[in-house]
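**Student:** The structure's right below; bear with me while I get my questions together.
The values are calculated or read from the model by the stated rules, or taken from the named source; none is laboratory data. Note that the structure is a prediction, hence the values are computed from the model and not measured. Glycine gets a Cβ as well: all are built from the backbone with ideal geometry, and neighbour counts include every protein chain shown.
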Amino acid sequence: DQQVKQNSPSLSVQEGRISILNCDYTNSMFDYFLWYKKYPAEGPTFLISISSIKDKNEDGRFTVFLNKSAKHLSLHIVPSQPGDSAVYFCAASASGGSYIPTFGRGTSLIVHP
Amino acid sequence: KAGVTQTPRYLIKTRGQQVTLSCSPISGHRSVSWYQQTPGQGLQFLFEYFSETQRNKGNFPGRFSGRQFSNSRSEMNVSTLELGDSALYLCASSQTELETQYFGPGTRLLVL
């Protein structure tokens with residue numbers, strides 16, 4: 001049973017437009033959420049995180065939104081750049097639990113020039 | 001600081017063999033976790049070590065084992081390899097269990 005779901009395996013966006021990557025979770029104990037970006041032949045790199053006490057966190061072109069009631073989070077990239085083309089993983093952890101993050105299956109983002 | 005390093009980067013083995021993968025965490029990081037990534041799957045958690053003790057274990061068979069040394073370096077071992085063990089094995093380190101994990105480049109294992 002997947003506790004963290006990224007229902008879109010891939011997303012294609014034009015350069016300069018907004019990319020929106022979505023993530024749903026089922027475990028109500030999750031209170032810390034992260035996004036990682038992964039290029040081929042490299043390990044995932046941490047991108048941005050959000051705690052459940054917030055509903056938005058912004059870092060440059062990247063913004064993560066959290067909707068706790070819907071158990072949904074999204075990553076917005078504005079404006080999208082070709083260098084953003086990568087696989088994006090959503091992850092969630094529970095500070096009161098094992099704290100080991102549970103990862104989604106990833107969304108492959110392609111930004112076309 | 002140097003990042004997380006993993007050796008070897010690529011490995012080809014045959015069914016029934018065993019393999020040992022190595023991970024050197026970022027200096028000062030005491031928590032080391034291992035993940036398996038297969039095509040179409042997310043990162044599946046294998047186990048986590050802290051100060052030479054396994055604190056958490058994922059849902060993998062006993063053929064998968066690991067250990068951590070006093071310098072925080074970690075190894076994972078897979079015995080009696082199966083075709084389905086072909087995957088990218090990622091190691092991640094963090095200062096403590098509550099800190100963000102930083103990943104190495106992974107070891108790509110191919111079992112023939």
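**Student:** In region B:53-76, which residues are of a type in the set (S, T, N, Q) and either in a strand (DSSP E or B) or surrounded by 11 or more Cβ atoms within 10 Å (Cβ to Cβ) (or both)?
**Tutor:** Going residue by residue through region B:53-76, those that are of a type in the set (S, T, N, Q) are B:53-54, B:56, B:59, B:65, B:68, B:70-72, B:74.
Correct list: B:Thr53, B:Gln54, B:Asn56, B:Ser65, B:Gln68, B:Ser72, B:Ser74.
**Student:** Count, please, the residues in region B:31-52 that happen to be touching a residue at least 24 places away in the same chain (Cβ under 8 Å) and either more than 21 Å from A:Tyr36 (Cα to Cα) or part of a strand (DSSP E or B) (or both).
**Tutor:** The first filter runs over region B:31-52 and keeps only residues touching a residue at least 24 places away in the same chain (Cβ under 8 Å), leaving B:31-38, B:43, B:46-50.
This time we only want the ones that are either more than 21 Å from A:Tyr36 (Cα to Cα) or part of a strand (DSSP E or B) (or both), so: B:31-37, B:43, B:46-50.
Total meeting the criteria: 13.
**Student:** Criterion first (within 14 Å of chain B (Cβ to nearest Cβ) and within 27 Å of B:Val4 (Cα to Cα)) does A:Thr45 satisfy it? Working first, answer last.
**Tutor:** Numbers: within 14 Å of chain B (Cβ to nearest Cβ): yes; within 27 Å of B:Val4 (Cα to Cα): yes.
Yes, satisfied.
**Student:** Another question, if that's okay. Name the single residue, out of those in region B:85-100 being at pLDDT below 95 and facing another protein chain (nearest Cβ under 7 Å), that is nearest to B:Tyr49 (Cα to Cα).
**Tutor:** Ranking the candidates gives B:Glu97 first.
**Student:** Out of A:Asn27, A:Asn7, A:Asn22, I need the residue that is more than 15 Å from B:Leu43 (Cβ to Cβ) and part of a strand (DSSP E or B). Which one? Walk me through how you get there before you give the answer.
**Tutor:** Details: A:Asn27 fails: part of a strand (DSSP E or B); A:Asn7 fails: part of a strand (DSSP E or B).
None of the other options fit; the residue is A:Asn22.
**Student:** Go through region A:20-36 and give me each residue that's surrounded by fewer than 22 Cβ atoms within 10 Å (Cβ to Cβ), within 14 Å of chain B (Cβ to nearest Cβ) and in contact with a Gly (Cβ under 8 Å, 6 or more places away or on another chain).
**Tutor:** A:Asp31
**Student:** Still on this structure, I have one more. If you take the residues of region A:72-88 that are among the hydrophobic types (A, V, I, L, M, F, W, C) and surrounded by fewer than 21 Cβ atoms within 10 Å (Cβ to Cβ), which of them is farthest from A:Asp24 (Cα to Cα)?
**Tutor:** A:Val78
**Student:** If a residue has to be in contact with a Gly (Cβ under 6 Å, 6 or more places away or on another chain) and assigned to a loop (DSSP other than H, G, I, E, B) to count, how many in region A:59-105 make the cut?
**Tutor:** 3
**Student:** While we're here: Restricting attention to region B:17-34, which residues are farther than 18 Å from B:Gln54 by Cα and either within 14 Å of the chain's Cα centre (by Cα) or within 13 Å of chain A (Cβ to nearest Cβ) (or both)?
**Tutor:** Answer for region B:17-34, where residues must be farther than 18 Å from B:Gln54 by Cα and either within 14 Å of the chain's Cα centre (by Cα) or within 13 Å of chain A (Cβ to nearest Cβ) (or both): B:Val19, B:Ile26.
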